[in-house]
Amino acid sequence: MIKFLDLYKINQRYRNEIDLAIKRTLDSGWYLSGKENENFCKNFADYCGVRYCVGVANGLDALSLIIKAYGFDKGDEVIVPANTYIASILTISQNECVPILIEPDINTYNINSDLIEEKITSKTKAILVVHLYGQAVDMDKVWYLAKKYNLKVIEDSAQSHGAIYRGKRVGSLGDASGFSFYPGKNLGALGDGGAITTNDKALYEKVKAIANYGQQIKYHNMYKGINSRLDEIQAAVLNIKLKFLDKDDEKRRQVAKFYIDNIKNPNIVVPRVNKEEAHVWHVFVIRTKRRDKLRKYLENNGVQTVIHYPIPPHKQVAYKELNNLSFPLTEKIHNEVLSLPISPVIEVNEIEKIVDLINAWK
Ligand SMILES: *Cc1c(COP(=O)(O)O)cnc(C)c1O
């Protein structure tokens with residue numbers, strides 16, 4: 001069986017360094033909010049090209065903390081792509097704001113920025129862009145609108161560690177960005193983890209305080225905060241893996257190029273790339289009208305695939321208030337997409353086998 005993602009194999013490459021880092025942390029007797037977290041945040045901020053980084057418990061918290069720190073009012077609106085993982089939308093409703101969904105561009109699967117302006121109202125406070133599947137959003141129009149209407153730009157960078165747009169890394173393309181280090185992400189921990197990156201000092205300080213019970217000085221609570229921390233062991237592991245992130249992203253690009261160059265089945269739509277550096281291939285998503293049949297066929301032939309995602313957010317039971325809305329492109333994408341195995345550790349013979357199987361499929 002070719003696994004969709006072999007996390008054991010991914011982390012095994014750094015086995016010795018990870019063992020040492022865990023041992024060092026264990027021996028330090030200090031497990032939260034210490035040197036490992038401080039080091040990682042400094043390194044990750046440098047990597048993204050921003051001044052500040054706060055380590056938090058997961059990607060959902062990272063995004064939610066940004067919105068909380070901006071202090072939007074109940075009922076304020078946040079523009080967000082309809083075609084995204086549910087977390088992007090949850091961060092908005094968790095803060096009692098209203099998600100305003102926008103259809104994607106069918107070629108990039110990212111938000112269609114030409115459809116944003118007509119949805120901006122006096123209540124709109126932010127545009128939350130999602131660099132979906134690992135591809136940086138085309139930011140020019142987003143920046144233009146944000147400036148014109150005085151909106152915050154928040155990046156959901158959970159799938160796009162290392163992607164570059166106009167020479168700048170994802171994580172530095174908005175006012176603030178949320179990252180996830182869920183084990184399967186391009187930069188993955190050995191458990192949950194997340195981070196916020198920003199150049200805004202005031203936001204940095206507020207987010208840091210809110211993530212720590214709302215206190216800047218211990219037992220002096222300025223905000224009704226939460227508890228969301230990146231623990232020392234995860235930070236130590238991430239510090240190791242960060243050094244190899246660019247190399248890993250490059251390997252993903254090579255796998256993606258092989259798929260794109262060699263998949264020749266007329267029933268399959270392969271992803272399009274404008275700029276290579278803009279895509280870090282968190283997932284490699286193809287489209288076909290008979291998606292479920294293709295998935296079964298690959299499964300029967302020893303290839304594991306995943307659907308990102310089977311049900312659009314506006315059709316989820318949890319979002320009854322959105323169920324009557326219609327987003328035909330988003331729905332089409334959810335009905336047709338299938339993610340093929342891709343990772344820095346997949347073997348050439350494995351991707352050759354996958355390509356051969358797909359090309360033989362009728
Ligand atoms: C993974 C993911 C998140 C949430 O990250 P967690 O660490 O699982 O909370 C948010 N947005 C997107 C697009 C994601 O893929």
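Check every one of the strands (runs of 3 or more DSSP E) wholly within the range 156-270 and list those with 2 or more residues that are away from the ligand (no atom under 16 Å from the Cβ), crowded, with 23+ Cβ neighbours inside 10 Å and touching a residue at least 60 places away in the same chain (Cβ under 8 Å).
Once the strands (runs of 3 or more DSSP E) in the range 156-270 are filtered for at least 2 residues that are away from the ligand (no atom under 16 Å from the Cβ), crowded, with 23+ Cβ neighbours inside 10 Å and touching a residue at least 60 places away in the same chain (Cβ under 8 Å), nothing remains.
Regarding D73, is this residue within 22 Å of D200 (Cα to Cα) and either in contact with a Cys (Cβ under 8 Å, 6 or more places away or on another chain) or not in a strand (DSSP E or B) (or both)?
yes
Residues are listed down the side, and each one gets a yes or a no for (1) surrounded by fewer than 19 Cβ atoms within 10 Å (Cβ to Cβ); (2) away from the ligand (no atom under 12 Å from the Cβ):
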position	(1), (2)
A62	no, no
G71	yes, yes
K74	yes, yes
T91	no, no
L101	no, yes
T108	no, yes
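Which one of the conditions (1) touching an Asp or Glu at 6+ places or on another chain (Cβ under 8 Å); (2) assigned to a loop (DSSP other than H, G, I, E, B); (3) within 16 Å of the ligand (Cβ to nearest atom) does V129 fail to meet, given that it meets all the rest?
(2)
Here are some conditions: (1) part of a loop (DSSP other than H, G, I, E, B); (2) within 16 Å of the ligand (Cβ to nearest atom). S326 meets all but one. Which one does it not meet?
Answer for S326: the failing condition is (2).
Kindly indicate the residue of the range 28-47 that is crowded, with 23+ Cβ neighbours inside 10 Å and farther than 11 Å from I196 by Cα and also farthest from the chain's Cα centre (by Cα) among those meeting that condition.
Per the stated criteria, the residue is E36.
Specify which of the listed residues (K264, K275) is at pLDDT 95 or above and either more than 17 Å from E336 (Cα to Cα) or not β-branched (V, I, T) (or both).
K264
Tell me yes or no: at least one residue of the range 192-201 is within 23 Å of E277 (Cα to Cα) and out of contact with any Ser or Thr (no Cβ under 8 Å at 6 or more places or on another chain).
Yes, there is a match, as at least one residue in the range 192-201 is within 23 Å of E277 (Cα to Cα) and out of contact with any Ser or Thr (no Cβ under 8 Å at 6 or more places or on another chain).
Which of the residues spanning the range 133-155 are within 12 Å of the ligand (Cβ to nearest atom) and hydroxyl-bearing (S, T, Y)?
Y133
If we scan the range 295-311, do we find a residue that is under 23 Å from the mean Cα position of the chain (by Cα), without any contact (Cβ under 8 Å) to a residue 24 or more places away in the chain and farther than 24 Å from V170 by Cα?
Yes, the range 295-311 contains a residue that is under 23 Å from the mean Cα position of the chain (by Cα), without any contact (Cβ under 8 Å) to a residue 24 or more places away in the chain and farther than 24 Å from V170 by Cα.
Kindly indicate the residue of the range 76-89 that is away from the ligand (no atom under 12 Å from the Cβ) and over 16 Å from H308 (Cβ atoms) and also surrounded by the most Cβ atoms within 10 Å (Cβ to Cβ) among those meeting that condition.
Selected residue: I79.
For (1) among the acidic types (D, E); (2) closer than 25 Å to L132 by Cβ, each residue gets a yes or a no:
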{"site": "V207", "(1), (2)": "no, yes"}
{"site": "I240", "(1), (2)": "no, no"}
{"site": "V255", "(1), (2)": "no, yes"}
{"site": "D261", "(1), (2)": "yes, yes"}
{"site": "N267", "(1), (2)": "no, yes"}
{"site": "R272", "(1), (2)": "no, yes"}
{"site": "V280", "(1), (2)": "no, yes"}
{"site": "Y297", "(1), (2)": "no, no"}
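Of the conditions (1) touching a Lys or Arg at 6+ places or on another chain (Cβ under 8 Å); (2) free of Cβ contacts under 8 Å to residues at least 40 places away in the same chain, I342 clears all except one; give me its number.
(2)
The values are calculated or read from the model by the stated rules, or taken from the named source; none is laboratory data. Keep in mind it's a predicted model, so treat the numbers as computed, not measured. Every residue, glycine as well, gets a Cβ built from its backbone with ideal geometry; the counts of neighbours run over all protein chains shown.
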